[in-house]
Amino acid sequence: MIQTAFLGDVVLTTPLLEVLARRHGAVDVVTTPAAAPLVETLPAVRRVVPYDKHGNDRGLPGLFALARRLRAERYDVAYLPHRSLRTAALAWLARIPARVGYRDGWPLLYTEARARPRAAHEIDRLLALAAAEPRGERPSLCVTAEDRATTEAFLREHGIVAGGGGGGGEPFVALAPGSIWGTKRWPHYRELSQRLAARAGLVVVGGPEDAGLGDEIVRAVGGGGGRGRWSAVNGCGRLTLRQSAEVIRRAVALVTNDSAPLHFAQAVGTPTVAIFGPTVPAFGFGPRGPRDRVIECSGLACRPCSPHGPETCPLGHHLCMTSLTVDQVLRAIEETGALHRRD
Ligand code: SF4
């Protein structure tokens, strides 16, 4: 499998990996160094081959060097969910005899080109690459005992949980306010956090690039909503991807934009409130759980305005996000039942 797309795409590919592992045995995965920790612990994966396509392995020299390494492995078949020329060329240069991709990718470089269903969840579209019947699969993530222990220590150190581990104890909500694309970021997380902190602890998850957003939330909460009982902590850039997934697993709910943490929550089964702005769930990246909720602005003619969401709103008003209120999000969290007493 060669899958060097974004983190969320890699997570959504895990059901396909499981199908392929059942069919062929554990799979070798070529992916980015950033995404490697998300797949290297999966039972369906034999080995991860990092491809730093924008760094050490960039350009044609990197592509040819990796192709030589793959050729030496004498693989029988390559599955190519990422429809890039680079991916298609890599499998072709590696002389892998069977190369399965999508018809709307680079079919001349594949030996088998499959149709990519248009109106389907991305997980189901990916399963179509293996002609597998979709059954409402959720993505998979495997955290290690060490990931769990480090996360537990982090949550205790910052007063989010007092102990007990394993998901019991104090309720806290995970927040993922970041996104690579500017217009996908809902701008009201601070106000949401101030109101939520009266009811639950808060943990902000994200990468180092989201640390500023996390700091703003922690400052807004001001070190605890009620005599310091409920705390907010910023885990952006301080927790690894798998530790962030463990935070999300232990949270009673995740509030997120249309970004990778949404798919993490799907993998670990945490109820999700997903805020969609310039993109729509019909693109195939929405949550699928029975307790999940989507917040979006209906009736805005400019939505959706691009496949990923532009960096800035081309119309200047960004109403697809700014018009979504804190009350709407709080109501959706209520609907998940997350803040009610757990059994
Ligand atoms: S054009 Fe519309 S959908 Fe796109 S960012 Fe602006 S408000 Fe949102």
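The values are calculated or read from the model by the stated rules, or taken from the named source; none is laboratory data. Predicted, not measured: the structure shown is a model, and the values here were computed from it. Glycine gets a Cβ as well: all are built from the backbone with ideal geometry, and neighbour counts include every protein chain shown.
Which residues, counting only those in segment 302-341, are within 8 Å of the ligand (Cβ to nearest atom) and under 25 Å from HIS121 (Cα atoms)?
CYS302, ARG303, PRO304, CYS305, SER306, GLY309, PRO310, CYS320, MET321, listed by residue number.
Would you check which residues across segment 48-64 are under 17 Å from ALA91 (Cα atoms) and either basic (Lys, Arg) or in contact with a helix residue (DSSP H, G or I) (Cβ under 8 Å, 6 or more places away or on another chain) (or both) and list them? Give the derivation first.
Initially, segment 48-64 is screened for residues under 17 Å from ALA91 (Cα atoms), giving 48-53, 57-64.
If the condition is that a residue be under 17 Å from ALA91 (Cα atoms) and either basic (Lys, Arg) or in contact with a helix residue (DSSP H, G or I) (Cβ under 8 Å, 6 or more places away or on another chain) (or both), then VAL48, VAL49, PRO50, TYR51, ASP52, LYS53, ASP57, ARG58, LEU63, PHE64 are the ones that fit.
Table: residues versus (1) among the β-branched types (Val, Ile, Thr); (2) assigned to a helix (DSSP H, G or I).
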{"position": "ARG199", "(1), (2)": "no, no"}
{"position": "GLY206", "(1), (2)": "no, no"}
{"position": "GLY212", "(1), (2)": "no, yes"}
{"position": "ALA220", "(1), (2)": "no, yes"}
{"position": "VAL233", "(1), (2)": "yes, no"}
{"position": "THR270", "(1), (2)": "yes, no"}
{"position": "ALA274", "(1), (2)": "no, no"}
{"position": "PRO278", "(1), (2)": "no, no"}
{"position": "ARG288", "(1), (2)": "no, no"}
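Return the pair list, or none, for Cβ contacts closer than 7 Å from residues in segment 77-96 that are surrounded by 21 or more Cβ atoms within 10 Å (Cβ to Cβ) to residues that are of a type in the set (Lys, Arg), at least 6 apart or on different chains.
Cβ pairs passing all conditions: ALA78/ARG99; LEU80/ARG99; ALA91/ARG99; ALA94/ARG71.
Kindly indicate the residue of segment 1-41 that is in a loop (DSSP other than H, G, I, E, B) and of a type in the set (A, V, I, L, M) and also nearest to PRO97 (Cα to Cα) among those meeting that condition. First the steps, then the outcome.
Start the filter on segment 1-41 by keeping residues that are in a loop (DSSP other than H, G, I, E, B), which leaves 1, 3-6, 13, 25-26, 32-35, 40-41.
After this cut, where a residue has to be of a type in the set (A, V, I, L, M) as well, the list is 1, 5, 26, 34-35.
Details: MET1: 14, ALA5: 23, ALA26: 19, ALA34: 28, ALA35: 26 Å.
Top of the filtered list is MET1.
When you check LEU38 against the structure, is it in contact (Cβ under 8 Å) with a residue 60 or more places away in the chain, touching a strand residue (DSSP E or B) at 6+ places or on another chain (Cβ under 7 Å) and not assigned by TED's automatic domain parsing to the domain that holds ASP258, yes or no? Show your work before the answer.
Working: in contact (Cβ under 8 Å) with a residue 60 or more places away in the chain: yes; touching a strand residue (DSSP E or B) at 6+ places or on another chain (Cβ under 7 Å): no; not assigned by TED's automatic domain parsing to the domain that holds ASP258: yes.
Criteria not met by LEU38.
Here is a check on your reading of the model: is SER244 hydroxyl-bearing (Ser, Thr, Tyr) and within 16 Å of the ligand (Cβ to nearest atom)? Walk me through how you get there before you give the answer.
Numbers: hydroxyl-bearing (Ser, Thr, Tyr): yes; within 16 Å of the ligand (Cβ to nearest atom): no.
It is false that SER244 is hydroxyl-bearing (Ser, Thr, Tyr) and within 16 Å of the ligand (Cβ to nearest atom).
How many residues does segment 262-294 contain that are more than 12 Å from the ligand (Cβ to nearest atom) and surrounded by fewer than 19 Cβ atoms within 10 Å (Cβ to Cβ)?
Residues flagged as more than 12 Å from the ligand (Cβ to nearest atom) and surrounded by fewer than 19 Cβ atoms within 10 Å (Cβ to Cβ) within segment 262-294 amount to 10.
Can you report the number of residues in segment 306-319 which are surrounded by 16 or more Cβ atoms within 10 Å (Cβ to Cβ) and either of a type in the set (Val, Ile, Thr) or modelled with pLDDT under 95 (or both)? Steps first, answer last, please.
Within segment 306-319, the first condition is being surrounded by 16 or more Cβ atoms within 10 Å (Cβ to Cβ), and the residues that meet it are 308-309, 313, 318.
Subsequent filtering for residues that are either of a type in the set (Val, Ile, Thr) or modelled with pLDDT under 95 (or both) retains 308-309.
Residues meeting the conditions: 2.
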